[in-house]
1. Return the total of residues in the range 36-60 being of a type in the set (A, V, I, L, M, F, W, C), surrounded by fewer than 23 Cβ atoms within 10 Å (Cβ to Cβ) and touching a Gly at 6+ places or on another chain (Cβ under 9 Å).
2. Please go through the range 147-189 and pick out each residue that is open to solvent by 30 Å² or more (accessible area, probe 1.4 Å), touching a residue at least 60 places away in the same chain (Cβ under 8 Å) and closer than 18 Å to K346 by Cβ.
3. Answer with yes or no whether S373 is more than 24 Å from F178 (Cα to Cα) and outside any helix (DSSP H, G or I).
4. Tally up the residues in the range 284-300 that are open to solvent by less than 80 Å² (accessible area, probe 1.4 Å) and either free of Cβ contacts under 8 Å to residues at least 40 places away in the same chain or part of a loop (DSSP other than H, G, I, E, B) (or both), please.
5. Which residue pairs have Cβ atoms under 7 Å apart, sit 6 or more places apart or on different chains, and have a first residue in the range 244-267 that is open to solvent by 50 Å² or more (accessible area, probe 1.4 Å) and a second that is part of a helix (DSSP H, G or I) and of a type outside the set (D, E)?
6. Is one or more of the residues making up the range 360-367 surrounded by 15 or more Cβ atoms within 10 Å (Cβ to Cβ) and small (G, A, S)?
7. Would you call T33 crowded, with 20+ Cβ neighbours inside 10 Å, within 22 Å of L119 (Cβ to Cβ) and of a type in the set (V, I, T)?
8. Given E279, E297, which one is more than 19 Å from the chain's Cα centre (by Cα) and over 23 Å from I208 (Cβ atoms)?
Amino acid sequence: MTKSLAILGSTGSIGVQSLDVCRKCGYSVKALTAFSSTDTIEAQAREFRPEVVALVDEKAAADLKIKLADTDIKVLSGVEGVCECASLESADTVLNSVVGMAGLKPTLTAIQAKKKIALANKETLVAGGQLVFSEAEKYGVDILPVDSEHSAIFQCLQGKPANKALKKIILTASGGPFFGKTRDELKSVTVENALKHPNWAMGAKITIDSATMMNKGLELIEAVWLFSVKPEDIDIVVHRESIVHSAVEYTDNSVIAQLGVPDMRIPIQYALTYPERYESPVEELNLAQIGKLTFFEPDYNTFGCINLCKRAISMGRLYPAAVNSANEQANLMFRQGKIGFLDIAKRVERVFESVPEFDSYTLDDVMEIDKLSREIVRGD
């Protein structure tokens, strides 16, 4: 049973829910990190009394140091500070819920420190899957998924026969706030419209990704790495109720699914307690009360971001990293009011012409393609 944690991205939605699981299970929190939320992380630090906290923003870190001056909690800053938290000797597990590409370097640092990884940062695998799994194998590190869909697949695969018995993965998608809309209807949607997710409470970036369905494309890429399957062996199905979190189909056409209320504390806790299960703070699923479950084919024409992700992982190399970074930039520009909703996919598609043609890559290569992709999307 996990006893000590470093939680990266503790002030975000997943981080906050992870701390709720820690309260329930009585886990020790050794490190907390965030970008700049001084008030939130101060309150967390005072409650959980970690050895160290880190804020990426240098000014915010200086402010936090003053706020926590009456404690013996060490305050660090910058990416280096986050990486120090990720490799803290007293923490046996690192839960990475950092948003975006920023999560890749801390994940690699944690792996090299031989920490168990509970991964909620999908961009780590989308951008650097080859690097991450190479390092995980080298250091003998387990990577357990925290995303609800990947946790569901992981749970469905427990006790499975040999790999050859797996026929395909069925990845469920909520469809976001714009399910059933046409491209014409999406031309004028606002950021406020896009942030109204029907089922999940998430941060702004991930909620916009859900609205474009880029989130599902990124999850497809992540599933390829996590479960060693081909892109064509993953089906996506829209499931509006978000009760079936994903499923697997075996060669005998038997399908096993994982169900639960839409609450991230279930997959968070399972990643931390695996292979054991314990009581959770989540409400019980009442199927009779729900009444019905519905499933639909995705509209790949309207939500073209999924196609871009499929294309990227099929091409391999640095294409997934390029698409991921391009999306981060386009998503941000939409939230800033600089481009329209449908422009996100158009901007992301631009990067396919500029990806270097080599098979293996380093962290520096990933960071270079990250910079280039953002420039292309901005039109620099």
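The values are calculated or read from the model by the stated rules, or taken from the named source; none is laboratory data. Keep in mind it's a predicted model, so treat the numbers as computed, not measured. Cβ placement follows ideal geometry from the backbone for every residue including glycine, while neighbour counts extend to all protein chains displayed. Side chains are part of the model used for accessible areas, which takes the heavy atoms of the whole protein and leaves out ligands, DNA and RNA. Shrake-Rupley method; radii C 1.70, N 1.55, O 1.52, S 1.80 Å.
1. Applying the first criterion (of a type in the set (A, V, I, L, M, F, W, C)) to the range 36-60 yields 41, 43, 45, 48, 52-56, 60.
Add one more test, that the residue is surrounded by fewer than 23 Cβ atoms within 10 Å (Cβ to Cβ), and what stays is 43, 45, 48, 52, 56, 60.
Then keep just the ones that are touching a Gly at 6+ places or on another chain (Cβ under 9 Å); that gives 52, 56.
Residues in the range 36-60 being of a type in the set (A, V, I, L, M, F, W, C), surrounded by fewer than 23 Cβ atoms within 10 Å (Cβ to Cβ) and touching a Gly at 6+ places or on another chain (Cβ under 9 Å): 2 in total.
2. K181, T182, R183, K187, S188
3. On the way: more than 24 Å from F178 (Cα to Cα): yes; outside any helix (DSSP H, G or I): no.
No; evaluated as a whole, the condition is false for this residue.
4. 8
5. That search, which allows pairs on different chains as well, returns T251/A165; I256/C156.
6. Checking the range 360-367: not a single residue is surrounded by 15 or more Cβ atoms within 10 Å (Cβ to Cβ) and small (G, A, S).
7. Spelling it out, T33 is indeed crowded, with 20+ Cβ neighbours inside 10 Å, within 22 Å of L119 (Cβ to Cβ) and of a type in the set (V, I, T).
8. Details: E297 fails: over 23 Å from I208 (Cβ atoms).
One residue alone meets the criteria, E279.
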